[in-house]
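In what follows, a single structure is set out as structure tokens and then discussed.
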Amino acid sequence: MEFDATYHEICSAQTVQSERRGFFNEFCVDVRDACGDKWLRNYFGKLKSNAARVLSIFSDREVCDPVLGVLEHVQPVFKQKDALFSAQRRAQADKLYLMSGSGEGEESRELLQQALMAANLAVMRAPDRNADPVLDEGLTLALAYRSRASILIRLGEGEAALNDLKLAINFGLELKSSVDYYLKMAKAYAVMGEPARAEISLKIAEKMPGCDATHIALCRKEISAAKPKPKEATSEQVPQLAHGESAELVGASKVVRLVETKDKGRFVVANEGLRTGDVLLCEEPVAACLEPTYFGTHCHHCFKRLRTPVSCLHCSGIAFCSAQCMGEACSSYHRFECEYMDLMIGSGMSILCFIALRIFTQAPSLEQGLATANLLFEHLCSHEEDRQPDDYLRRALMSGFLLRILQKSLYFGRRKTEGVNPTAVELQVATALLGLLQVLQYNAHQIYQTQVTEEHRFDGSKTVNLAAGLYGTGSYFNHECWPSTACHFVGKKLVLTATRPHRANELVAVNYGPIFIKNNLKERQRSLRGRYSFSCNCMACQENWPLLQKLDKQVRFWCTSANCSNLLKFPKDLAKDVRCPRCRKNISLKESVAKMIKIEELYREAARAMEAQKTGEAIELFKEALEMFFHVAALPHKDTIVAQQSLHKCLFDTGTTFKK
Ligand SMILES: C[S@@+](CC[C@H](N)C(=O)[O-])C[C@H]1O[C@@H](n2cnc3c(N)ncnc32)[C@H](O)[C@@H]1O
């Protein structure tokens with residue numbers, strides 16, 4: 001396949017600026033116009049190191065004016081707090097809550113959902129305690145949490161209500177001396193199905209000064225009638241690695257190891273005894289970032305679907321699922337990113353650029369950030385040989401932009417000047433950022449979750465790309481157009497499970513996007529060449545397997561004579577032996593055919609288990625059937641492809657899922 005340089009350039013540019021709109025593109029065009037082709041090709045394009053490239057954009061007269069001119073104007077742009085807006089939403093939430101009390105059934109629930117939405121907005125927009133001392137006496141945030149707690153109790157979400165009550169206290173409300181607080185606690189425990197704790201809260205309320213006995217009696221009646229809401233069943237589980245963890249590869253199982261060849265670089269292969277269903281990798285990311293599209297619906301820190309968001313105390317642009325996630329993010333990376341979030345989104349920069357910045361903002365110290373970034377650049381593939389001067393310039397400019405955000409957010413502490421010109425250590429950071437932007441292009445993973453419907457875990461479910469992350473060991477898996485593993489996520493953890501047995505030394509493959517059942521050979525090769533700089537030579541490519549819709553039901557059996565690896569067609573007459581053209585022996589395929597009948601039965605049984613939403617049972621049946629299939633036959637085989645896809649769907653279901 002010929003190398004399409006223009007397509008490669010387009011693909012590469014999208015890994016820096018993914019949005020079509022955004023000012024970063026204009027910045028690149030302006031700098032490109034200023035420097036001209038000659039300088040770019042004959043000077044910049046010939047620079048040999050990232051340090052020289054970064055230094056060049058800040059100091060060479062051909063480019064430094066437009067670069068410094070734009071970077072000088074980097075200012076905070078973020079969604080600010082608004083106490084008045086918050087108080088208005090809270091009033092609206094309180095009103096809807098009261099109205100829901102006089103409504104009935106579905107109508108009341110609808111009003112409560114609207115109240116919850118208004119209360120969520122009130123929480124998100126409320127400033128920190130005392131930031132606006134005039135309105136609500138500086139307690140807008142605490143009041144927003146308190147209002148939401150009442151709504152949550154009526155919705156039957158006791159645990160979330162208790163969390164909100166705690167937050168209302170943390171942000172300044174003196175609730176512990178109020179009867180109302182203990183009554184709310186009692187109701188929250190009651191809807192959680194914890195009557196003993198509900199009774200304790202009621203007893204405390206009874207003993208408090210000013211307590212009204214009739215009110216308590218009413219409350220007790222209400223509590224005894226409360227129907228605890230059943231906890232939502234979740235099949236999410238962190239799986240166990242097959243045979244324990246490898247000593248060399250962090251997060252990988254002992255059944256795999258890393259090898260290297262000239263044409264394929266480093267890649268993961270099987271050790272002896274790797275079986276279908278073995279968990280080969282379970283790894284936390286080095287860094288991972290949520291896609292901005294999901295800032296309003298998913299936790300910025302752990303990527304869980306939000307129901308009752310907790311806000312950053314300074315900006316309203318992102319949300320967390322809990323005070324714990326908020327605390328972890330805000331004491332680490334978010335304090336540097338907070339005020340620049342909308343600027344970064346407005347630049348149109350890709351999620352990979354967010355990850356590059358995050359490697360620094362989340363590091364416990366600048367030195368550790370530098371060490372991690374340099375190590376990643378040293379160890380992961382970056383295809384420097386294919387990079388064009390234009391691409392280097394674009395990435396160097398992005399590094400300059402990210403560096404400027406770090407400078408302005410006081411990542412380097414108070415600087416001596418407000419100027420853009422980097423100090424020696426800042427240049428090191430920009431250089432490391434440039435390295436990260438190169439390796440992220442080829443090594444980052446999309447992080448997805450399954451969105452399931454209320455009605456069924458599989459019918460109508462779909463995967464949603466929520467985030468992206470960089471995984472140290474995960475980066476060493478090579479591609480095949482029909483992978484031998486299924487990839488799913490438990491939170492941010494990347495899990496790879498074998499979808500077929502592997503012989504010792506056989507490649508353990510993931511898929512980078514184009515799969516043979518949907519994209520033809522030409523499309524796949526073009527995409528892989530353009531996006532990942534290699535030509536694929538997997539079996540699906542070598543044999544040019546047809547798309548799924550064109551695949552027939554034919555099955556090819558392995559020749560059963562020892563040491564022969566030939567494939568034989570389904571025999572015309574089962575009663576007769578067939579002659580293997582490779583080993584020249586007469587072979588009976590009776591046993592293989594009998595096994596195939598059993599395999600098809602198991603596929604059908606597994607499909608029925610999926611229909612009945614028995615995920616665990618379906619996984620075991622698929623594992624057993626697939627293991628059998630690969631011992632007697634080979635791909636492509638339509639029912640087996642479908643079975644592997646179904647196993648993947650079941651494994652998704654054991655990862656993080658969410659309902660809309
Ligand atoms: C995520 S890295 C995988 C690890 C990489 N092989 C290394 O040495 O670091 C992606 C790169 O691996 C190489 N690669 C992946 N799959 C390949 C395959 N099937 N054949 C040849 N090269 C492949 C390509 O260079 C690709 O850009």
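The values are calculated or read from the model by the stated rules, or taken from the named source; none is laboratory data. This structure is a prediction, so every number in the text was calculated from the model and none was measured. Cβ coordinates were reconstructed from backbone atoms using ideal geometry, including for glycine residues, and neighbour counts include every protein chain displayed. SASA here: full protein model, heavy atoms, side chains in, ligands and nucleic acids out. Shrake-Rupley method; radii C 1.70, N 1.55, O 1.52, S 1.80 Å.
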**Message:** Can you give me the C-alpha center-to-center distance between the stretch 400-421 and the stretch 267-290, rounded to a whole angstrom?
**Reply:** 39
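What size of dipole, in debye to the nearest 20, comes out for the chain about its Cα centre when the only charges are +1 on Lys and Arg C-beta atoms and -1 on Asp and Glu C-beta atoms?
With Lys and Arg at +1 and Asp and Glu at -1, about 1280 debye.
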**Request:** Amide H neighbours of Glu506 under 5 Å, at least 5 residues apart or on other chains, H built in the peptide plane: list them.
**Result:** Ala270
**Asked** Which distance in Å, rounded to a whole number, links the C-alpha centroids of the stretch 441-511 and the stretch 23-40?
**Response** 38
**Asked** Exactly which trypsin sites (Lys or Arg not before Pro) in the stretch 10-46 are in a DSSP loop and have at most 16 other Cβ atoms within 10 Å?
**Response** Arg20, Arg21
**Fill in**
Between Val256 and residues 5 or more places away or on another chain, the pairs with built amide H atoms under 5 Å apart involve Asn271
**Prompt:** Counting other Cβ atoms within 10 Å, which GluC sites (Glu not before Pro) in the stretch 253-327 have at most 16 and lie in a DSSP loop?
**Reply:** Glu272
**Message:** Could you report the stretch 438-561's accessible area per residue, 1.4 Å probe, as an integer in Å²?
**Reply:** 39
**Request:** Could you check what % of the DSSP bridge pairs in the chain are antiparallel, to the nearest 5?
**Result:** 90
**Prompt:** Dipole of the stretch 548-651, Cα-centred, from +1 at each Lys and Arg C-beta and -1 at each Asp and Glu C-beta, to the nearest 20 debye?
**Reply:** 620
**Request:** Give the accessible surface of the stretch 342-404 per residue, rounded to a whole number of Å², with probe radius 1.4 Å and ligands, DNA and RNA excluded.
**Result:** 31
**Request:** Output the peptides 329-340, 641-652 sorted from most to least packed, where packing is the average of other Cβ atoms within 10 Å over each peptide's residues.
**Result:** 641-652, 329-340
**Set of lysines with alpha-carbon distance to Lys48 below 21 Å, sequence-local pairs under 8 removed** = Lys38
**Prompt:** In deg cm²/dmol, rounded to 500, what helix-only [θ] at 222 nm does the chain give when every DSSP H run of at least 4 residues adds -39500 (n - 2.57) and the total is split over its residues?
**Reply:** -15000 deg cm²/dmol
**Request:** Among the aspartates and glutamates, select those whose C-alpha is under 14 Å from the C-alpha of Lys590, and discard any that sit fewer than 8 residues away in the same chain.
**Result:** Asp573, Asp577
**Residue among Ser147, Leu202, Pro239 farthest towards the positive dipole end of the stretch 125-255, charges placed on Cβ** = Leu202
**Request:** Choose one of His637, Ala562, Cys580: the residue whose Cα lies farthest towards the positive end of the charge dipole of the stretch 548-651 (beta-carbon charges +1 Lys, Arg; -1 Asp, Glu; about the Cα centre).
**Result:** Cys580
**Asked** If you take the beta carbon distance between Arg608 and Arg584 as r and set R0 to 35 Å, what does 1/(1 + (r/R0)^6) give as a FRET efficiency, to the nearest 0.05?
**Response** 0.20
**Asked** Using a probe of 1.4 angstrom, how much of the accessible area of the chain is carbon and sulfur, in percent?
**Response** 51
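What shape does the stretch 583-643 take by its C-alpha gyration tensor, where a ≥ b ≥ c are the square roots of the eigenvalues and a/c under 1.5 counts as rounded, a/b above b/c as prolate, and the rest as oblate? Don't skip to the end; give the middle numbers.
Numbers: a/c = 3.08, a/b = 2.59, b/c = 1.19.
It comes out prolate by the Cα gyration axes.
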**Request:** May I ask which of Lys229/Lys614; Lys569/Lys649; Lys166/Lys231; Lys95/Lys187; Lys221/Lys304; Lys227/Lys462 have a Cα-Cα span longer than 26 Å here?
**Result:** Lys569/Lys649; Lys221/Lys304; Lys227/Lys462
**Item:** Per residue accessible area in Å² of the stretch 83-225, where ligands, DNA and RNA are left out and the probe is 1.4 Å
**Value:** 51
**Fill in**
Scoring the stretch 83-225 by relative contact order with C-alpha pairs under 8 Å, at least six apart, yields a percentage of 18
**Fill in**
Along the stretch 560-572, Karplus-curve 3J(HN,Hα) (6.51, -1.76, 1.60; θ = phi - 60°) to the nearest Hz, with x for Gly and Pro, reads 8, 6, 4, 6, 9, 10, 8, 10, 10, 5, 4, x, 5
**Prompt:** Amide H to amide H, which residues 5 or more places from Leu568 or on other chains are under 5 Å from it, using H placed in the peptide plane?
**Reply:** Phe557, Trp558, Cys559
**Prompt:** Which GluC sites (Glu not before Pro) does the stretch 405-466 hold that lie in a coil by DSSP with at most 13 other beta carbons within 10 Å?
**Reply:** Glu418, Glu454, Glu455
**Item:** Whole-Hz couplings from phi, Karplus 6.51/-1.76/1.60, listed for the stretch 243-249; x for Gly and Pro
**Value:** 6, x, 8, 5, 6, 9, 10
**Request:** Go through the stretch 609-622 residue by residue and turn each phi into a ³J(HN,Hα) via Karplus (6.51, -1.76, 1.60, θ = phi - 60°); whole Hz please, and just put x for glycine and proline.
**Result:** 4, 5, 4, 7, 6, 9, 4, x, 5, 4, 4, 4, 5, 5
**Message:** Could you sort the peptides 199-210, 59-70 by per-residue average Cβ neighbour count (10 Å cutoff), highest mean leading?
**Reply:** 59-70, 199-210
**Request:** May I ask which residue of Cys219, Gly36, Gly156 lies farthest towards the positive end of the charge dipole of the chain, with charges of +1 (Lys, Arg) and -1 (Asp, Glu) on Cβ and the Cα centre as origin?
**Result:** Gly156
**Request:** Please compute the net charge surrounding Trp39, taking Lys and Arg as +1 and Asp and Glu as -1 over other residues with Cβ under 11 Å from its Cβ.
**Result:** +2
**Net +/- balance of residues flanking Ser56 in space, Cβ distance below 13 Å, scoring K and R +1, D and E -1** = +3
**Message:** How much length would be gained if the chain were fully extended between Gln388 and Thr297, taking 0.36 nm per residue of separation minus their Cα-Cα distance, in nm to one decimal?
**Reply:** 28.9 nm
